[in-house]
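Undergrad: Supplied in structure tokens, the structure appears directly below.
The values are calculated or read from the model by the stated rules, or taken from the named source; none is laboratory data. Model, not experiment: these values are computed from the prediction. In this analysis, Cβ positions are derived from the backbone assuming ideal geometry, glycine residues included, and neighbour counts consider all displayed protein chains.
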Amino acid sequence: MKIVTVIGARPQIIKAAALSRAIRQHFSKEMQEVIVHTGQHYDNNMSQVFFDELDIPQPQYNIGVGSDSHGVQTAKMIEGIEKILLKEKPDCIVLYGDTNSTLAGAIAASKIHVPIVHIEAGLRSFNKSMPEEINRICCDHCSTLLFSPTATGYKNLVNEGITSGIYHCGDVMYDNSKYFANIADKKSQILEKEQLRGIDYILCTIHRDNNTDQPERLNAIFKALLKISESKMVVLPLHPRTSKLLSINLEQTLFNTITNNANIKLLPPASFFDMIVLERHAQMVVTDSGGVQKEAFFFQKPCLILRSETEWKEIVECGAAAITDANEDKIIESYNSFVENPPHNYPKIFGDGKAAEFICKEMLENF
């Protein structure tokens, strides 16, 4: 059986590691994987380092789309993926999550009748102003097999009339977190390098364009982080977009205060191993990333969500996370609440750490 796996963004590269590992360890005689990198994340710190670190096979193809507008970027991907599918003639295409690479893969494959497997299907924010929401809905409705990491995702698919080929299988990112946690502790030197060993700190990541590109929201978030830094170290690995826009969209006085504050560590993008270690040793996580929300939950860390909604509503419902949006007062209020009353309930909602094996078995049975 031949599958074409399409990846383009950092989280997809990491998710693909779980499937590639399952194929290598359990299904190497039955499955051949062809990896296509769209080049959506082209920075080495956001891409190549993960192939090296996670021992993922190097992509056989790199479309190299780079940075551009949504329309131009997606169009280039559709063209490139279609050519590869026509050449490789796979039994199916495997797509992850909700990026432009996901949408492009779904459009290219559906037009030439290549079956689509969507991993991380069924997630909904119910906010269609998010490009990711459009991408994931379109991909789900084009897919033949849909693997949802949560029961809520499965129900969302049923509610939209998708009732065949759907599975509640657990989360491949939980597979990875279980597999790599101890390896990361041995290989990462981030705590020593940044002098964080034994320090109580808050880990923060900001990358979504509605936070980075809107000055009002970015200023509110950083004003809250500045207040938090009065009592706790704030560690912030900077996404390239965030790094570029800090000096442009932050008020000048705030920018100067943040960049000269010894209690706020602005770091380059973190590798996967470094990120796992930073998450495991943090007191709390503050993020607008869906993946980091989950990883905080995996490692039993309370999480503040810098968005007005989340696809992972289970972690909010069980009290392990709070939605604060980019609201300075709410960020501070929720931070103080978690400091005073840390959550203790982290139910097993993301599977048993063997989601990738389950997905491989179902693909073999269906194609």
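Undergrad: In region 309-341, what residues are modelled with pLDDT under 95 and part of a loop (DSSP other than H, G, I, E, B)?
TA: Scanning region 309-341 gives Glu309, Thr310, Glu311, Trp312.
Undergrad: For region 222-250, name all the residues that are buried (at least 18 other Cβ atoms within 10 Å of the Cβ), among the aliphatic types (A, V, I, L, M) and farther than 17 Å from Ala282 by Cα.
TA: Listed by number, the residues that qualify are Ala224, Leu245, Leu246, Leu250.
Undergrad: Residues being exposed (fewer than 15 other Cβ atoms within 10 Å of the Cβ) and closer than 18 Å to Glu194 by Cβ: count how many of those fall in region 251-262.
TA: Just the residues of region 251-262 that are exposed (fewer than 15 other Cβ atoms within 10 Å of the Cβ), to begin with: 251-253, 256, 259-260, 262.
After this cut, where a residue has to be closer than 18 Å to Glu194 by Cβ as well, the list is 259-260, 262.
Adding up the residues that qualify gives 3.
Undergrad: To continue, here is another question. What number goes with the only condition from (1) in contact with a Pro (Cβ under 9 Å, 6 or more places away or on another chain); (2) at pLDDT below 85; (3) under 12 Å from Ile7 (Cα atoms) that Tyr42 does not pass?
TA: (1)
Undergrad: Which residue is farthest from Phe297 (Cα to Cα), if the candidates are limited to region 343-360 and must be surrounded by 14 or more Cβ atoms within 10 Å (Cβ to Cβ) and free of Cβ contacts under 8 Å to residues at least 60 places away in the same chain?
TA: Once the filter is applied, the top-ranked residue is Pro343.
Undergrad: Hey, among the residues in region 148-177 that are of a type in the set (A, V, I, L, M) and in a helix (DSSP H, G or I), which one's surrounded by the most Cβ atoms within 10 Å (Cβ to Cβ)?
TA: The qualifying residue surrounded by the most Cβ atoms within 10 Å (Cβ to Cβ) is Val172.
Undergrad: What do you reckon, is Val277 within 29 Å of Phe126 (Cα to Cα) and in contact with a Ser or Thr (Cβ under 8 Å, 6 or more places away or on another chain)?
TA: For Val277, the condition - within 29 Å of Phe126 (Cα to Cα) and in contact with a Ser or Thr (Cβ under 8 Å, 6 or more places away or on another chain) - is not met.
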